[in-house]
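Below is one structure, written out as structure tokens; the observations come after it.
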Ligand code: PLP
């Protein structure tokens, strides 16, 4: 069978040839250090016990299809959660539940896009956004985030890339892969651009509760109540249950302007019947109860310690610099091109895998335009981070040596 031409330009390198090579190595019996995927479970970061017990309690009653927008109690809990954050306008009917944010990204774009519509997406990005826009027949246009400014979006670049075909801007805050958390003035500028050019804001806030030090998360919708905003979040990260597949999207902005779009989204939601029902029952317990994520991110907490250690060890390697993550679960270090003249970062990561048996993700997989970054996940335990950075340091030392030693010709 031949695949659809719609897939021609769809890339998702995080699960591409490097992961295939890693699987082959594992099948051959090699033990790999995996610092590549943002999955909490393999690192012993488990879902809160009370939430799992609650889901088990509801399991028998969760056999049937639910309302295609999601069960009422979960949507009420989400609406109340946003109300406690000052977003008073989000009601139960403004919320759609899905099988993770991933499904909702595809669904909300499908209901929105026409062929050749342009969507502004951050570079670097979480590449599902670029892939999902491409799949709808739209055109992803990347705006730059500025490493010298804590990886905040370069607002002049955002504005310069708006054309008459631009329909929406994607904001990922806190950001994967950079760990940036955006201040109010950046979000206000996005709102202003949306107002001026009649754009919709897609705000992916899946890491909203994972922040370090004094970083504060502000919902885009909170600074843009007169703009159409889609706010995405879910249980995968802060509640450590990505496999259960529970996420949501909340629609805010002028009701008249969004009425037709909501109907289209309801149609798409009913075409897939409903999201995974047992996981929907976890939402109320998660949002209402004790927030165990706080223990992990405060000083001395596991994620905070791992983030501090990884940053300290990586930046001690000559030619490696890194903006400390203010949120999320990743670092996005830069390899100084003067010291590491990398032509293909994909090959670089493949060589690192094969020589040192450690798996990271190359920066261009996140649509970063230059082959000089990689993403390092901070989820593994301290000993694994130490070992991983030791191997990266040793690989980079050999790379530096090769770069300055003339290679024999032929
Ligand atoms: N959005 C971002 C920015 C992510 O990093 C991820 C997963 O890594 C997702 C969405 C997917 O979340 P979910 O598990 O809810 O589909």
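The values are calculated or read from the model by the stated rules, or taken from the named source; none is laboratory data. Being a predicted model, the structure only gives us computed values, none of them experimental. All Cβ positions, glycine included, derive from the backbone under ideal geometry; neighbour counts span all protein chains shown.
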* To do: Quick one: residue 301 ticks every box in (1) within 22 Å of residue 145 (Cα to Cα); (2) touching a helix residue (DSSP H, G or I) at 6+ places or on another chain (Cβ under 6 Å) except a single one, so which number is it?
  => (1)
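Can you go through 257, 180 and tell me which one is over 21 Å from the mean Cα position of the chain (by Cα) and closer than 28 Å to residue 139 by Cβ?
Result: 257 is the single residue among 257, 180 that is over 21 Å from the mean Cα position of the chain (by Cα) and closer than 28 Å to residue 139 by Cβ.
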* List every residue pair whose Cβ atoms lie under 7 Å apart, where the two residues are 6 or more positions apart in sequence or sit on different chains, the first residue falls within the range 87-115 and is without any contact (Cβ under 8 Å) to a residue 60 or more places away in the chain and closer than 16 Å to residue 234 by Cα, and the second residue, located anywhere, is away from the ligand (no atom under 16 Å from the Cβ) and not in a loop (DSSP other than H, G, I, E, B). => 92/72; 92/75; 92/76; 92/79
* Asked: Checking residue 102 against (1) over 20 Å from residue 170 (Cβ atoms); (2) within 16 Å of the ligand (Cβ to nearest atom), which test does it fail?
  -> (1)
* Out of all the residues in the range 90-103, which are over 18 Å from residue 207 (Cα atoms) and in contact with a strand residue (DSSP E or B) (Cβ under 6 Å, 6 or more places away or on another chain)? -> 90, 94, 95, 96
* Right, residue 141: away from the ligand (no atom under 16 Å from the Cβ), surrounded by 17 or more Cβ atoms within 10 Å (Cβ to Cβ) and either modelled with pLDDT under 95 or within 26 Å of residue 9 (Cα to Cα) (or both) or not? -> yes
* Structure fact -> Residues in the range 312-333 that are without any contact (Cβ under 8 Å) to a residue 40 or more places away in the chain and buried (at least 20 other Cβ atoms within 10 Å of the Cβ) total 1
* **Candidates 188, 192, 263 - the one that is without any contact (Cβ under 8 Å) to a residue 40 or more places away in the chain, more than 19 Å from the chain's Cα centre (by Cα), closer than 19 Å to residue 71 by Cα and in a helix (DSSP H, G or I)** => 263
* Can you name every residue in the range 187-198 that is touching a helix residue (DSSP H, G or I) at 6+ places or on another chain (Cβ under 7 Å) and either buried (at least 21 other Cβ atoms within 10 Å of the Cβ) or within 15 Å of residue 218 (Cβ to Cβ) (or both)? -> 187, 188, 189, 190, 191
* Structure fact -> Matching residues in the range 105-128 (more than 8 Å from the ligand (Cβ to nearest atom), in contact with a strand residue (DSSP E or B) (Cβ under 8 Å, 6 or more places away or on another chain) and in a helix (DSSP H, G or I)) number 3
* Scanning for something under 26 Å from residue 30 (Cα atoms) and surrounded by fewer than 23 Cβ atoms within 10 Å (Cβ to Cβ), does the range 334-344 turn up at least one residue? -> yes
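Please tell me if residue 227 is touching a helix residue (DSSP H, G or I) at 6+ places or on another chain (Cβ under 8 Å), assigned to a loop (DSSP other than H, G, I, E, B) and without any contact (Cβ under 8 Å) to a residue 40 or more places away in the chain. Explain how you work it out, then say what you get.
Working: touching a helix residue (DSSP H, G or I) at 6+ places or on another chain (Cβ under 8 Å): yes; assigned to a loop (DSSP other than H, G, I, E, B): yes; without any contact (Cβ under 8 Å) to a residue 40 or more places away in the chain: yes.
So residue 227 fits the description; yes.
Please determine whether any residue of the range 216-228 is within 16 Å of the ligand (Cβ to nearest atom) and more than 20 Å from residue 128 (Cβ to Cβ).
Looking only at the range 216-228, we keep the residues that are within 16 Å of the ligand (Cβ to nearest atom), and these are 217, 219-220.
Still in the running and more than 20 Å from residue 128 (Cβ to Cβ): 217, 219.
Yes, the conditions are met somewhere in the range 216-228.
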* Could you tell me whether residue 36 is at pLDDT below 90 and within 16 Å of the ligand (Cβ to nearest atom)? => yes
